[in-house]
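Working notes for the structure below.
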Amino acid sequence: MRLEITQRAELAVRALVTLEDASGRLKSVDLAGLLGTTAGFVPQVMGPLVRVGWVRSVSGPTGGYELVCELDTLSVLDVVETVDGPTDTGRCVVAERVCDPSDPCVLHVAWGRARDELRSSLGRLQMSEVGSA
């Protein structure tokens, strides 16, 4: 597990909050402006959210992105893992190998506690509780 959130995941969290506050669809360029990123990066951020059905992407001159779920049904962990993949990769944080509890590294216990606390904290934090960007 990483103890960092990628820029894509952070932007995805902010995008969902921004879409909830929007009055209708937001075009990619407008969403990019509100998020402080480029219009070219928006599809990379929004693609996973569209694939899981939290956001709808509509093509054409009146198109854009719109929220189609309730944010109180999603945790920040849900969003981070949707965008970045599983937060617990099973990799050792010290050695380039799979974590092996029968042959633990020197940080195994501490890292396990930190990982569990971070996942728990992000899992408890509902998207509806996250402030807008």
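The values are calculated or read from the model by the stated rules, or taken from the named source; none is laboratory data. This structure is a prediction, so every number in the text was calculated from the model and none was measured. Here the Cβ is made from the backbone with ideal geometry for all residues, glycine too, and neighbour counts use every protein chain on show. SASA here: full protein model, heavy atoms, side chains in, ligands and nucleic acids out. Shrake-Rupley method; radii C 1.70, N 1.55, O 1.52, S 1.80 Å.
Of the solvent-accessible surface of the chain, computed with a 1.4 Å probe over protein heavy atoms with every protein chain present, carbon and sulfur atoms account for 52 percent.
Solvent-accessible area per residue for the chain at a 1.4 Å probe radius, Å²?
55 Å²
Restricting to DSSP loop positions (anything but H, G, I, E, B) with no more than 14 other Cβ atoms inside 10 Å of their own Cβ, which GluC sites (Glu not before Pro) remain in region 1-100?
GLU4, GLU70, GLU96
Each of LEU74, GLY33, ALA12 was scored by the projection of its Cα onto the charge dipole of the chain, and the greatest displacement toward the positive side belongs to GLY33; charges sit on the C-beta of Lys, Arg, Asp and Glu. Checking (i) 15.7; (ii) 17.0; (iii) 16.1 against Kirkwood radius over Cα pairs in Å calculated from these atoms, the matching label is (iii).
To the nearest ten degrees, helix 42-51 and the longest principal axis of the Cα atoms of the chain are 80 degrees apart.
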